[in-house]
Amino acid sequence: MAIRVMLVDDQVLLRTGFRMVLDAQPDMEVVAEAGDGVEALQVLRSTAVDVVLMDVRMPKLDGVE
């Protein structure tokens, strides 16, 4: 069973890079992405994930809040 990962960062290029690295791992699956903390909370209401990789500095709601 793959580890279900969510990527949260306001920089699309960074999310894309992380997705490429994680997609190359047979035991990990990126199941969701978000551009800020508010969007992440909305996505998490309907998507089951095991791990959230989140930036600590983002607009609206960051990874620390």
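For the range 1-40, a residue qualifies if it is aliphatic (A, V, I, L, M) and within 12 Å of residue 52 (Cβ to Cβ), and the qualifying residues are 3, 5, 6, 7, 8, 30, 31, 32, 34, 40. For the range 3-16, filtered to residues that are surrounded by 12 or more Cβ atoms within 10 Å (Cβ to Cβ) and in a loop (DSSP other than H, G, I, E, B), the residue that is modelled with the lowest pLDDT is 10. Looking at the range 31-49, I want the residues that are of a type in the set (A, V, I, L, M, F, W, C) and have a partner that is in a loop (DSSP other than H, G, I, E, B) and at pLDDT 95 or above with Cβ atoms under 8 Å, at least 6 apart or on another chain. Which pairs are those? So the pair list comes out as 31/47; 31/48; 31/49; 32/47; 32/49. For the range 24-55, the set of residues classified as outside any helix (DSSP H, G or I) and over 21 Å from residue 1 (Cα atoms) consists of 34, 35, 36, 45, 54, 55, listed by residue number. Of the residues screened, residue 19 is not one that is in contact (Cβ under 8 Å) with a residue 12 or more places away in the chain, buried (at least 17 other Cβ atoms within 10 Å of the Cβ), among the basic types (Lys, Arg) and touching an Asp or Glu at 6+ places or on another chain (Cβ under 9 Å). Evaluate the following for residue 21: is it outside any loop (DSSP other than H, G, I, E, B) and at pLDDT 95 or above? Yes.
The values are calculated or read from the model by the stated rules, or taken from the named source; none is laboratory data. None of the values given here were measured: they were computed from a predicted structure. Reconstructed Cβ throughout: ideal geometry from the backbone, glycine too, with neighbour counts over all protein chains shown.
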